[in-house]
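Below you'll find the structure, written out as structure tokens, and then a few comments.
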Amino acid sequence: MPHVIVEYSANLDEAIDVGGLCETLRKAAAAIDEIAMPGVRVRAYRADHHAIADGADGHGFVDISVRLRGGRPDAVKDRVAKQLFADAREFIDPYMSGNSLALSLEVRDIDPELSPKIGTIRDHLKDNQ
């Protein structure tokens, strides 16, 4: 897995293709060797109510949380953070270069002892990976 959760300020709805950002992050996560592609889940939530910096309407944010099942080495978590952040930044940069925007990403461990899982996604993949 990872679970990739994108939270963004509502004022970016028309400015950034959030679905495209989700697809970019999905592809980036699935391309990392230590990530099981069938476990990748990306979703986005708009923050309808937000207050940023001095309160000016033009400020926006995109905050990305990456939740990984615990036990991965720090080097893997570092690679995940750097790759997903780089891809998100490249995707958002055309907007960010001329507008007020904060982009952030955080990787967190999921405790495997406290997070039971079951699923049939692998059974329905084209290549049965």
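The values are calculated or read from the model by the stated rules, or taken from the named source; none is laboratory data. This one's a predicted model, so the numbers in the text were calculated from it and none came from an experiment. Positions of Cβ are backbone-derived with ideal geometry, glycine not excepted, and every protein chain shown enters the neighbour counts. Surface areas here come from the heavy atoms of the whole protein model, side chains and all, with no ligands, DNA or RNA. Shrake-Rupley method; radii C 1.70, N 1.55, O 1.52, S 1.80 Å.
Residues of segment 68-83 being open to solvent by less than 70 Å² (accessible area, probe 1.4 Å) and closer than 15 Å to residue 5 by Cα, which ones?
68, 80, 81
Cβ-Cβ below 9 Å, separation at least six or inter-chain, first residue in segment 17-28 and within 13 Å of residue 5 (Cα to Cα) and open to solvent by less than 20 Å² (accessible area, probe 1.4 Å), second in a helix (DSSP H, G or I) and among the aliphatic types (A, V, I, L, M): which pairs?
So the pair list comes out as 21/88; 21/92; 25/84; 25/88.
Taking interchain pairs and intrachain pairs at least six residues apart, which have beta carbon atoms under 6 angstrom, with the first residue in segment 69-94 and in contact (Cβ under 8 Å) with a residue 60 or more places away in the chain and the second open to solvent by 30 Å² or more (accessible area, probe 1.4 Å) and hydroxyl-bearing (Ser, Thr, Tyr)?
87/24; 91/24
Take residue 108 and tell me if it is more than 20 Å from the chain's Cα centre (by Cα), within 22 Å of residue 27 (Cβ to Cβ) and open to solvent by 80 Å² or more (accessible area, probe 1.4 Å). Spell out the reasoning first.
Values: more than 20 Å from the chain's Cα centre (by Cα): no; within 22 Å of residue 27 (Cβ to Cβ): yes; open to solvent by 80 Å² or more (accessible area, probe 1.4 Å): yes.
No, not satisfied.
Hey, residue 31 hits all of (1) within 16 Å of the chain's Cα centre (by Cα); (2) over 18 Å from residue 2 (Cα atoms) but one; which does it fall short on?
Of the numbered conditions (1) within 16 Å of the chain's Cα centre (by Cα); (2) over 18 Å from residue 2 (Cα atoms), the odd one out for residue 31 is (2).
Looking only at residues that are more than 14 Å from the chain's Cα centre (by Cα) and not hydrophobic (A, V, I, L, M, F, W, C) in segment 34-43, which one is least open to solvent (accessible area, probe 1.4 Å)?
Out of the qualifying residues, it is 38.
For the structure I just gave you, tell me whether residue 49 is modelled with pLDDT of 95 or more and open to solvent by 80 Å² or more (accessible area, probe 1.4 Å).
Numbers: modelled with pLDDT of 95 or more: yes; open to solvent by 80 Å² or more (accessible area, probe 1.4 Å): yes.
Yes, satisfied.
Go through 46, 67, 89 for me and flag whichever is within 16 Å of the chain's Cα centre (by Cα), of a type in the set (Lys, Arg) and assigned to a helix (DSSP H, G or I). Can you show your working first?
Working: 46 fails: assigned to a helix (DSSP H, G or I); 67 fails: assigned to a helix (DSSP H, G or I).
Exactly one residue qualifies, and that residue is 89.
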